[in-house]
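Inspection log for the structure reproduced underneath, given as structure tokens.
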Amino acid sequence: MSRLNFRLQKEANGSKARAATFQTLHGEVQTPVFMPVGTQATVKGQTVESLKAAGARVLLANTYHLLLRPGPDVFRQFGGIHRFMNWDGPVLTDSGGFQIFSLPSERAMNEEGARFRSYVDGDIYLLSPETSIGMQKAVGSDSMMALDQCIPSTAPHDQATAAMELTHRWARRSLDARGDSPQALFGIVQGACHHDLRKKSAAFLRELPFDGLAIGGLAVGETHAERYEFTGLVTDHLPKSLPRYLMGVGTPIDILEAVHRGVDMFDCIIPSQLAQRGTVFTSHGKLQCRRAAHKFSEAPLDDQCACYTCKNYSRAYLHHLVKSDEILGWHLLTTHNLSFYHQLMRELRASILDDTFAALYERKRIELVRTDEANPSVRPKPAKAYQFPRLGDYEIHKSPQGFASIRQISSGEIMHSVNAPGEEAQKLYVDQSQLAARLLEPAAPDTELVIWDVGLGAASNAMAALQCFEQTLAAHGPEKTRTVRLVSFECDLDPLTLAAKHGGHFTHLRHGAPHALLKDGRWRHASGRLHWELFHGNFLDFLERAAPPDLVFYDPFSAKTDTALWTAEVFTRLFKHSAPKPAELYTYSSATAVRVALLAAGFFVAEGVGSGPREATTAAFTHHERAFAHPLKPPLLADGWLVRWRRSTSKFPADLSEEAKPLFAQKIETHPQFARRPDPLLGR
């Protein structure tokens, strides 16, 4: 039973935004809610009275700093932080994990916890799950955070895995340390910018008796698009019955986007940090009070704001305070910024409850990124179109959804134009081929699984296969995981070279393997159970030289751009080379011309899973029985397809002569796939 008695009141239509309430030891909290950061039992430059007047209902304090000064004994004497700082509302304490992350040269990490040197007196401290929870108990916060290991969001998969697993072990220890305390406790989802790790972390933590779940490890290196993507990914895998907290975020636009993705709670130092620099958020855009444009202005900061600052002081006076480095200026600007944040939260909550959030979201996502439109700092110049990096015939392409892919300039064709490359590779090739299960086939633990990656491109498909292998190896060990030979074919390495140079756009390339492949043409996993090799050149020159495949991920450019690789002749060569094995081929194309070429080559052809705008893809098998044994049961093309093929304008390959067409048609009509036989499991 949750200690917070969380009640979900409403979810917005067309959004994951939600309004809720939960009960703490010091009162009810309404969400969405922003928590000003009172790191050392004070929000910088503010009094308890000014915080309440601005609209604050929950404050955040930090275990790491309070442990060092004033220390747990002071809080025990005062009976907790509320009496100590004269605040009667709820308080949430961070565990100190982020502060440990931000001092890498001053601490040593191990399973027990983090040992670090105090910046106050030089003493050595241990921050462990037990000492962190013990300190939070002494502070007497309403909600505590489990200790986690925070790492850069751009960390490679192996490092992110280790940090996530340590966070999970510490989560259990934090729960044990909490015991029967009435204080609520939040777990923290980690996993950096790796889809599989974030899902795994959320799945693990939601099974533990936490009172809320937080999203950690964001706003530490990733792009805005990645932050929004992974926020939405995690909330999709969190229970609706608990509050969700996005730690350390952020700007007003960040909060709007996160509320849209189902987050309830936020904290950030930005309102006071920017105020110290003379910057405020207003309904007219973000203003810099240091600018001379405000020196003689009698107007308030924001004529639509009713905060203490806007009701009593002019821009001219605030400009003077900021230029003079007066502490009063910091106080007044922070007061306004906090009022702006809390007013935004009230508007978001009201719009969710009255079901107008979608309209508010569309308006606010424009308003919240504006700058001082009335006083532009320089005369506006015509905007220049941003030129994404190029190499040879390729350039980086940014989709409207925010993900990056590679575009061939000459043809205009985009690799993964609708779905994010990693998502499409996972769904179309890794999941559809049941690769994870193939890696654990008990009948063949010592046999090599050969995967062909035809059309390496920017290595999305190959890296999806490699990551599946690494996850399987980590979960089941080398004794149960098959050896893999990953064979990539590519005639032009410019797409991968370009993507590898700009890893900020391509998270799957934050791994040593593709870089070694570019340098040496091969890479071997440290376990010795996966070998990745590259055939650089024309696929048709190498087809019979590579080890016969078990799985073929067939992903060249389309038949329009790369015609030579989609012919019946090529598929016939591929079939003959693969046929001694029960091989499987998967491709994004569902074109009639492609399917009929596969049939003519001898493959048994089935309808594959849909991907993005494609209603279907294509799966092909050298052996009939393999299709029927496939766990997903892909439906083989049947008489209905044959009838449509007879009417199709793509009935024959484009290079087929008139004389050859009758024989080709007979080959399709008499294909064993369409023969009416009593036993559907009859082989070739």
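Descriptive notes on the structure:
- Furthest towards positive pole of dipole, 348, 483, 15, structure part the chain, Cβ charges: 348
- Answer label, with P(r) over Cα pairs in 10 Å bins from 0, in percent calculated from the coordinates and candidates (i) 3, 14, 23, 25, 20, 12, 3, 0; (ii) 3, 13, 20, 20, 17, 13, 8, 4, 1, 0; (iii) 3, 12, 16, 16, 14, 11, 10, 9, 6, 3, 1, 0, 0: (ii)
- Amide proton proximity set for residue 449, modelled H, under 5 Å, gap of 5+: 483, 484, 485
- Dipole of the chain, positive direction: furthest Cα of 301, 368, 571, with charges on the beta-carbon: 301
- Principal-axis tilt of helix 224-236 within the chain, Cα atoms, nearest 10 degrees: 80 degrees
- For residue 608, the amide hydrogen comes within under 5 Å of the amide hydrogens of 617, 618, 619, counting only partners 5 or more places away or on other chains and with H modelled in the peptide plane.
- The charge dipole of the chain, taken about its Cα centre with unit charges on the Cβ of Lys, Arg, Asp and Glu (plus for the first two, minus for the last two), comes to roughly 840 debye.
- Inter-part distance where the stretch 394-473 and the stretch 11-71 are each reduced to a Cα centre, Å: 43 Å
- Contact order normalised by residue count of the chain, Cα under 8 Å, 6+ apart, percent: 9 percent
- About its Cα centre, the dipole of the stretch 274-371 is roughly 340 debye, where the only charges are +1 on Lys and Arg Cβ and -1 on Asp and Glu Cβ.
- Ranking of 560, 199, 364 by count of other Cβ atoms within 10 Å, fewest first: 560, 199, 364
- Angle between the chain longest axis and helix 157-178 axis [Cα atoms, degrees, rounded to 10]: 50 degrees
- In the chain, the DSSP-assigned H stretches of four residues or longer account for a calculated mean residue ellipticity at 222 nm of -10500 deg cm²/dmol, using -39500 (n - 2.57) per stretch and the full residue count as denominator.
- Taking all pairs of distinct alpha-carbon atoms in the stretch 274-371, Kirkwood radius in angstrom: 14.0 Å
- Relative exposure of 398, 44, judged by other C-beta atoms within 10 Å (fewest first): 398, 44
- Amide H contacts under 5 Å for residue 214: 187, 188, 189, 245, restricted to partners 5 or more places along the chain or on a different chain, H placed in the peptide plane at 1.01 Å from N.
- Charge dipole (the chain, unit charges on Cβ, about Cα centre) - positive-most of 77, 292, 416: 292
- Acute angle (nearest 10 degrees) that the helix 129-139 long axis makes with the longest principal axis of the chain, alpha-carbon atoms: 30 degrees
- Nearest-0.05 FRET efficiency for residue 10 and residue 657, computed from C-beta distance (R0 56 Å): 0.25
- Kirkwood hydrodynamic radius over Cα pairs of the stretch 476-607, then Stokes diffusion coefficient at 25 °C and 0.890 mPa s, in µm²/s: 148 µm²/s
- Each Lys or Arg adds one and each Asp or Glu takes one away; over the other residues whose Cβ falls under 12 Å from the Cβ of residue 98, this sums to -3.
- Under DSSP loop assignment and at most 15 Cβ neighbours within 10 Å, longest GluC sites (Glu not before Pro)-free interval of the chain: 1-110
- Relative counts (whole %) of C-alpha pair distances in the stretch 420-674, using bins that are 5 Å wide: 1, 6, 13, 18, 19, 17, 12, 7, 4, 2, 0, 0
- Remark: 245, 119 ranked as 119, 245, counting other beta-carbon atoms within 10 Å and listing the fewest first.
- Taking a Cβ cut-off of under 9 Å around residue 461, the surrounding Lys, Arg, Asp and Glu residues balance to a net charge of -3, with basic ones at +1 and acidic ones at -1.
Readers should treat all values here as calculations from the given coordinates under stated rules, not as data from a laboratory. What you see is a predicted model; the values in this text were computed from it and never measured. Methodologically, a virtual Cβ is constructed for each residue, glycine included, from the backbone with ideal geometry; neighbour enumeration extends over all protein chains shown.
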